[in-house]
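Here's the structure we're looking at; comments come further down.
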Amino acid sequence: MSTPPALRLGVIGVGHLGRHHARLASSVPGARLAAVADLHVDRAATAAAASGALVTANANDLLGEVDAVVVAVPTAAHLAVARPFLERGIHVLVEKPMAASLAEADELIALAASHGAILAVGHSERFNPAIAAALPLLRQPRFIEVHRLSAFPERSLDIDVVFDVMIHDLDIISAVDRSDVVSVEAVGIPVLSPRIDIANARIKFASGCIANLTASRISREQVRKVRFFQPDSYISIDYAAGEVEAWRLVPREGARPSIEGGPVTVVREDTLSRELADFAAAIRDRRPPLVPGEDGRRALVLATRVAAAIDENAWPEPART
């Protein structure tokens with residue numbers, strides 16, 4: 001049996017994340033980097049240098065040259081950039097948040113469905129090996145505590161901290177608890193930019209689970225942790241360190257229950273490499289990707305509700321004297 005030709009993968013936008021997609025593309029089994037597009041053509045050339053891929057400033061030049069693309073441009077341009085590819089049945093992995101609005105997210109999903117294209121969303125934490133190790137241990141969390149703190153970035157200032165970083169964790173908790181969201185309470189303030197830079201949200205699910213999330217891009221320390229509390233166990237995940245701890249209550253006849261557990265084995269793998277490999281495998285096997293467009297939309301719905309709750313609780317502008 002002959003080996004099928006390598007998937008021709010294009011990357012559109014090689015800024016903070018796109019350049020890593022371009023770097024890793026050719027290491028994905030059954031794929032190769034075929035083209036790179038960026039408005040800064042010198043940046044595209046740098047990203048493509050080791051592969052000999054097509055370099056261009058115009059994303060539409062990739063039409064006919066690729067089988068699939070990664071769209072890593074600013075959020076406001078996701079739909080416009082992805083549309084011509086989906087219309088031609090070319091598969092798309094779009095970075096998070098998947099679109100600038102729910103209407104645009106719906107259009108992306110509809111385009112993919114009507115033209116037989118696979119649409120994946122780049123919620124990369126789903127591919128974090130620590131999350132993969134912890135998910136089988138999560139049965140029915142009753143309380144989830146999330147902290148995602150980072151220094152002020154030089155990127156993604158076109159969106160606030162909810163859509164920039166909190167949305168990662170909104171996707172994770174939505175994947176863990178698929179029940180409806182009953183209520184959302186949130187506060188947030190701009191500090192170093194005109195947009196919300198620090199936010200806290202409290203989300204209640206129909207299952208009874210409550211999630212408390214804090215996201216900040218003005219912290220002096222880097223923290224990316226989530227803790228799950230279940231009736232008989234506790235699971236702690238450090239995204240950045242790739243570490244998981246699990247503790248559980250073990251009944252003992254005639255004695256007090258014991259607490260047992262400790263570190264959980266985590267297979268060390270690159271998160272973006274796993275994401276790209278899943279995208280390529282979904283195309284090859286004609287199966288849904290791990291994070292399909294519908295899941296990206298679900299995270300966007302929740303982020304939109306958090307943002308609306310923040311607006312409801314916004315402090316009034318101080319009176320000018």
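Does residue 248 satisfy the criteria of being assigned to a strand (DSSP E or B), farther than 30 Å from residue 33 by Cα and either in contact with a Gly (Cβ under 7 Å, 6 or more places away or on another chain) or in the same structural domain as residue 86 (by TED's automatic domain parsing) (or both)? If you could, list the steps in order and put the result at the bottom.
Values: assigned to a strand (DSSP E or B): yes; farther than 30 Å from residue 33 by Cα: yes; either in contact with a Gly (Cβ under 7 Å, 6 or more places away or on another chain) or in the same structural domain as residue 86 (by TED's automatic domain parsing) (or both): yes.
In short, yes.
Part of a strand (DSSP E or B) and polar (S, T, N, Q), is that true of residue 273? Walk me through it before giving the result.
Numbers: part of a strand (DSSP E or B): no; polar (S, T, N, Q): yes.
For residue 273, the condition - part of a strand (DSSP E or B) and polar (S, T, N, Q) - is not met.
Return yes when residue 248 is closer than 26 Å to residue 312 by Cβ, of a type in the set (D, E, K, R) and touching a Ser or Thr at 6+ places or on another chain (Cβ under 6 Å) and no when it is not.
In short, no.
Among what's in region 153-183 and is of a type in the set (Gly, Ala, Ser) and in a loop (DSSP other than H, G, I, E, B), pick the residue that is modelled with the highest pLDDT. Even if it seems obvious, please write down each step before you answer.
Keep residues of region 153-183 that are of a type in the set (Gly, Ala, Ser), which gives 156, 174-175, 179, 183.
Next, from what is left, pick out any that are in a loop (DSSP other than H, G, I, E, B): 156, 179.
Details: 156: 56, 179: 96.
If we take residues in region 153-183 being of a type in the set (Gly, Ala, Ser) and in a loop (DSSP other than H, G, I, E, B), then 179 is modelled with the highest pLDDT.
Picking from 202, 227, which residue would you name as being surrounded by 12 or more Cβ atoms within 10 Å (Cβ to Cβ), within 19 Å of residue 150 (Cβ to Cβ) and in the same structural domain as residue 138 (by TED's automatic domain parsing)? It would help to see each step written out before you state the result.
Details: 202 fails: within 19 Å of residue 150 (Cβ to Cβ).
Unique residue meeting the criteria: 227.
Among the residues of region 1-59, write down those that are over 22 Å from residue 86 (Cα atoms), of a type in the set (Ser, Thr, Tyr) and not in a loop (DSSP other than H, G, I, E, B).
Listed by number, the list holds a single entry, 46.
Since residue 289 meets every condition but one in (1) surrounded by fewer than 17 Cβ atoms within 10 Å (Cβ to Cβ); (2) out of contact with any Leu (no Cβ under 7 Å at 6 or more places or on another chain); (3) part of a loop (DSSP other than H, G, I, E, B); (4) touching a residue at least 60 places away in the same chain (Cβ under 8 Å), which condition does it not meet?
(1)
Between a residue in region 114-143 that is under 15 Å from residue 268 (Cβ atoms) and any residue that is modelled with pLDDT under 95 and among the hydrophobic types (A, V, I, L, M, F, W, C), which pairs come within a Cβ distance under 6 Å, given they are 6 or more apart or on different chains?
These pairs meet every condition: 129/267.
The values are calculated or read from the model by the stated rules, or taken from the named source; none is laboratory data. What you see is a predicted model, and the numbers here were worked out from it, not measured in a lab. Don't worry about glycine lacking a Cβ; one is built from the backbone with ideal geometry, like all the others, and counts go over all protein chains shown.
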